[in-house]
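See structure below.
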Amino acid sequence: MSRTTKRTLVALTVLLLGWSRVPAAETIRGDLVSVTVDQGRFAIQARGRAVPFATGVLRCQGAVKVAPIDDAVFGKGQAIAVTGSHGGGETFQVFAGLPFVLYEVTLVNSGATACA
(Lines give C-alpha, C1' and ligand atoms only; values in the text may rest on other atoms or scores of the structure.)
Protein backbone atom coordinates (compact mmCIF):
# COMPACT_ATOMS: atom_id res chain seq x y z
CA MET A 1 0.00 0.00 0.00
CA SER A 2 1.43 3.36 -0.98
CA ARG A 3 1.91 6.25 1.41
CA THR A 4 -0.77 8.29 -0.42
CA THR A 5 -3.28 5.45 -0.13
CA LYS A 6 -2.61 5.13 3.62
CA ARG A 7 -3.14 8.89 4.11
CA THR A 8 -6.38 8.73 2.15
CA LEU A 9 -7.64 5.80 4.26
CA VAL A 10 -6.70 7.59 7.49
CA ALA A 11 -8.44 10.79 6.36
CA LEU A 12 -11.54 8.83 5.31
CA THR A 13 -11.62 6.98 8.65
CA VAL A 14 -11.35 10.26 10.60
CA LEU A 15 -14.11 11.80 8.47
CA LEU A 16 -16.43 8.82 9.01
CA LEU A 17 -15.77 8.77 12.75
CA GLY A 18 -16.61 12.46 12.91
CA TRP A 19 -19.90 11.86 11.14
CA SER A 20 -20.81 9.08 13.53
CA ARG A 21 -20.66 11.56 16.42
CA VAL A 22 -23.41 13.77 15.03
CA PRO A 23 -26.15 13.63 17.66
CA ALA A 24 -29.29 11.81 16.68
CA ALA A 25 -32.56 13.68 16.38
CA GLU A 26 -34.54 13.88 19.63
CA THR A 27 -38.35 13.92 19.63
CA ILE A 28 -40.97 14.47 22.31
CA ARG A 29 -44.61 13.56 21.71
CA GLY A 30 -47.82 14.78 23.27
CA ASP A 31 -51.30 13.55 22.40
CA LEU A 32 -51.73 16.19 19.71
CA VAL A 33 -48.29 17.57 18.79
CA SER A 34 -44.64 16.51 18.65
CA VAL A 35 -41.37 18.45 18.66
CA THR A 36 -38.16 17.26 17.02
CA VAL A 37 -34.75 18.85 17.56
CA ASP A 38 -32.06 17.87 15.06
CA GLN A 39 -28.73 19.50 14.18
CA GLY A 40 -29.60 22.98 15.39
CA ARG A 41 -33.15 23.04 14.03
CA PHE A 42 -36.61 22.29 15.42
CA ALA A 43 -39.84 21.07 13.86
CA ILE A 44 -43.33 21.04 15.40
CA GLN A 45 -45.81 18.63 13.91
CA ALA A 46 -49.49 17.88 14.55
CA ARG A 47 -50.39 14.25 15.14
CA GLY A 48 -51.52 12.53 11.97
CA ARG A 49 -49.98 15.14 9.67
CA ALA A 50 -47.22 14.33 7.20
CA VAL A 51 -45.30 17.60 7.48
CA PRO A 52 -44.47 20.00 10.33
CA PHE A 53 -46.51 23.19 10.63
CA ALA A 54 -43.61 25.09 12.21
CA THR A 55 -39.85 24.81 11.72
CA GLY A 56 -36.90 26.99 12.58
CA VAL A 57 -33.34 27.41 13.73
CA LEU A 58 -32.56 27.12 17.42
CA ARG A 59 -31.09 30.22 19.12
CA CYS A 60 -28.78 28.01 21.16
CA GLN A 61 -26.51 25.17 20.13
CA GLY A 62 -25.42 22.61 22.68
CA ALA A 63 -26.36 19.53 24.65
CA VAL A 64 -29.87 18.16 24.03
CA LYS A 65 -31.72 16.41 26.85
CA VAL A 66 -35.17 14.80 26.87
CA ALA A 67 -36.91 14.30 30.21
CA PRO A 68 -40.37 13.66 31.66
CA ILE A 69 -41.86 16.64 33.50
CA ASP A 70 -44.70 17.21 35.94
CA ASP A 71 -46.21 20.70 35.84
CA ALA A 72 -48.57 21.98 38.57
CA VAL A 73 -50.97 23.38 35.94
CA PHE A 74 -50.64 21.09 32.90
CA GLY A 75 -49.78 17.77 34.56
CA LYS A 76 -47.40 15.16 33.18
CA GLY A 77 -45.57 15.76 29.93
CA GLN A 78 -42.22 15.71 28.21
CA ALA A 79 -39.54 18.35 27.73
CA ILE A 80 -36.67 18.66 25.33
CA ALA A 81 -33.98 21.12 26.43
CA VAL A 82 -31.01 22.50 24.50
CA THR A 83 -28.34 24.03 26.74
CA GLY A 84 -25.60 26.25 25.31
CA SER A 85 -22.02 26.34 26.60
CA HIS A 86 -22.56 29.64 28.49
CA GLY A 87 -25.73 28.56 30.29
CA GLY A 88 -28.36 29.88 27.91
CA GLY A 89 -30.85 27.50 26.41
CA GLU A 90 -34.22 26.63 24.98
CA THR A 91 -36.89 24.25 26.21
CA PHE A 92 -39.92 22.83 24.42
CA GLN A 93 -42.66 21.15 26.48
CA VAL A 94 -45.66 19.03 25.42
CA PHE A 95 -48.51 17.79 27.62
CA ALA A 96 -51.38 15.35 27.25
CA GLY A 97 -54.46 16.98 25.76
CA LEU A 98 -52.80 20.31 24.91
CA PRO A 99 -52.91 21.30 21.23
CA PHE A 100 -49.86 23.54 21.60
CA VAL A 101 -46.21 23.51 22.63
CA LEU A 102 -44.81 25.53 25.53
CA TYR A 103 -41.51 27.21 24.66
CA GLU A 104 -39.01 28.87 26.97
CA VAL A 105 -35.71 30.56 26.16
CA THR A 106 -33.03 31.57 28.66
CA LEU A 107 -30.64 34.22 27.39
CA VAL A 108 -27.28 34.75 29.06
CA ASN A 109 -25.15 37.81 28.38
CA SER A 110 -21.62 36.46 28.36
CA GLY A 111 -20.27 39.57 26.67
CA ALA A 112 -19.64 37.97 23.30
CA THR A 113 -22.94 36.55 22.09
CA ALA A 114 -26.29 35.85 23.65
CA CYS A 115 -26.99 32.14 24.11
CA ALA A 116 -23.71 30.85 22.73
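Some observations on this one:
Conditions (1) free of Cβ contacts under 8 Å to residues at least 24 places away in the same chain; (2) among the hydrophobic types (A, V, I, L, M, F, W, C); (3) crowded, with 19+ Cβ neighbours inside 10 Å; (4) touching a helix residue (DSSP H, G or I) at 6+ places or on another chain (Cβ under 6 Å), marked per residue:
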| position | (1), (2), (3), (4) |
| --- | --- |
| Gly62 | no, no, yes, no |
| Ala67 | yes, yes, no, no |
| Asp71 | no, no, no, no |
| Gly77 | no, no, yes, no |
| Ala81 | yes, yes, yes, no |
| Val94 | no, yes, yes, no |
| Leu98 | no, yes, no, no |
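- Considering (1) modelled with pLDDT under 95; (2) buried (at least 17 other Cβ atoms within 10 Å of the Cβ), the lone condition that Val37 does not fulfil carries the number (1).
- When the stretch 100-114 is limited to residues that are without any contact (Cβ under 8 Å) to a residue 60 or more places away in the chain and β-branched (Val, Ile, Thr), the one that is surrounded by the fewest Cβ atoms within 10 Å (Cβ to Cβ) turns out to be Thr113.
- Scanning the stretch 33-52 for residues that are among the hydrophobic types (A, V, I, L, M, F, W, C) and either assigned to a strand (DSSP E or B) or under 14 Å from Phe92 (Cβ atoms) (or both) yields Val33, Val35, Val37, Phe42, Ala43, Ile44, Ala46.
The values are calculated or read from the model by the stated rules, or taken from the named source; none is laboratory data. Treat the numbers as computed from the prediction; the structure is a model and nothing was measured. Here Cβ is always computed from backbone atoms with ideal geometry, including for glycine, and neighbour counts include all displayed protein chains.
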